[in-house]
1. Looking at ARG116, ARG99, ARG107, which one is free of Cβ contacts under 8 Å to residues at least 40 places away in the same chain and within 26 Å of PRO56 (Cβ to Cβ)?
2. Give region 1-40 a look and list any residue that's part of a loop (DSSP other than H, G, I, E, B), among the small types (Gly, Ala, Ser) and buried (at least 17 other Cβ atoms within 10 Å of the Cβ), or say none.
3. Any residue in region 103-111 that is surrounded by fewer than 18 Cβ atoms within 10 Å (Cβ to Cβ), aromatic (Phe, Trp, Tyr), at pLDDT 95 or above and not in a strand (DSSP E or B)?
4. Would you check if there is a residue in region 152-166 being assigned to a helix (DSSP H, G or I) and out of contact with any Ser or Thr (no Cβ under 9 Å at 6 or more places or on another chain)?
5. Please go through region 228-244 and pick out each residue that is hydrophobic (A, V, I, L, M, F, W, C), in contact (Cβ under 8 Å) with a residue 60 or more places away in the chain and not in a loop (DSSP other than H, G, I, E, B).
6. What residue, among those in region 52-77 that are touching a residue at least 40 places away in the same chain (Cβ under 8 Å) and assigned to a strand (DSSP E or B), is farthest from GLU31 (Cα to Cα)?
7. Name the single residue that is modelled with the highest pLDDT among those in region 171-198 being exposed (fewer than 13 other Cβ atoms within 10 Å of the Cβ) and in a loop (DSSP other than H, G, I, E, B).
8. Being assigned to a helix (DSSP H, G or I) and in contact (Cβ under 8 Å) with a residue 12 or more places away in the chain is the filter here; which residues of region 122-139 pass it?
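The values are calculated or read from the model by the stated rules, or taken from the named source; none is laboratory data. From a predicted model like this one, the values you see are computed outputs, not experimental measurements. We place every Cβ from the backbone using ideal geometry, glycine too, and count neighbours over all the protein chains shown.
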Amino acid sequence: MSSVTLDSVFVRFPGGALGLQDVDLRVADGEFLALVGPSGSGKTTLLRTIAGFTPPSSGAVLIGDRAVAGRGDFDPPEKRGLGMVFQQHAVWPHWNVGRNVEYPLRRAGVPRAERRVRVAETLELVGLEGYAQRDPATLSGGQRQRIALARALVARPRVLLLDEALSALDEPLRDRLRLELHTLTRELGLTVIHVTHDRAEAMALADRVAVLDGGRIQQIGTPEELLSEPAAPFVARFLSDATLVDGAVARGVFRADSHPFAIACAQGTPDGDACAAISPGAVRLVSDPSGDATVRSSLFAPSGSDVVADWAGLEMRVRVVGERLRVGERVRVQVDDAVVYPSPASAVRATGEAVAA
């Protein structure tokens, strides 16, 4: 178990493109951190920089108190004491399960008797007790991914890195392995850094989530903090599918530029240009033949519908509970809450008291 620290890390690719820009990050001992963001945001580059596959152009990477990159040092991946599981499980088909799992121990020169014991212990840990002699070709995708996880754990890594490790699996297997991974890593007290494109998975597994965009960490916090207090419009839109509305604040009221929406802001909100983020759960749609919005799509959800509505030219996501709305139905929009972002000030939550637009 060990902490991971990135200190002012930049990564520049050939040609000058920036992969990471001034990243400061500390992952505590035993913490599970998820990295999320759109394609090209830098999350995989960050993981590869920690792993040692991508050297930083400047700044430092520390595992525990030791600098493994920067400050005049650079340890290759095999010297960092890390375990890593990739999206494609990379199980060697010409070796049996036990040989696949023991590979890191063979490379490290661990004696045969100890290798046998540790492989058996690790296979039991991941739910594959008695599988050492099995041919990987006879196993399911989920079992092969467990082999990859066992291979990462058998060397008793200081930190476990997961790069889309569950994304190639089908549901409900993926959900089951997600639960098992959550339990296993906490029982072992592992420090885990997990790259995923699945926002729900990140929120379910992680102690904290880091949201990246443009090679920078836009916000890092607990799932509850990110959902209730997104630091920027991008974070609100990416994590919550919030609808962003441009407008201005005047005398404590935000009014949209081109839509019939206004909402009272918290006391002290400065006047000026602003953006409001409206989360799908903060909107109510009421069936009304004279309503100014139209249901464009309505997807089934266990508790209601996931709706896209056109509100005076503004397309917005809405989570409807109970009622099943039909495509083409006219509805009236009621916004109960929003987060207002004065420019360039930080976010200010609206009071939730709607006013006449």
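1. ARG107
2. Answer for region 1-40, where residues must be part of a loop (DSSP other than H, G, I, E, B), among the small types (Gly, Ala, Ser) and buried (at least 17 other Cβ atoms within 10 Å of the Cβ): SER2, SER3, GLY37.
3. No: region 103-111 contains no residue that is surrounded by fewer than 18 Cβ atoms within 10 Å (Cβ to Cβ), aromatic (Phe, Trp, Tyr), at pLDDT 95 or above and not in a strand (DSSP E or B).
4. The answer is yes; a qualifying residue exists.
5. Hits for region 228-244 are ALA236, PHE238, LEU239.
6. Among them, the one singled out is SER58.
7. Taking the candidates together, the pick is GLY189.
8. Within region 122-139, THR122, LEU123, LEU125, PRO136, ALA137 meet the criteria.
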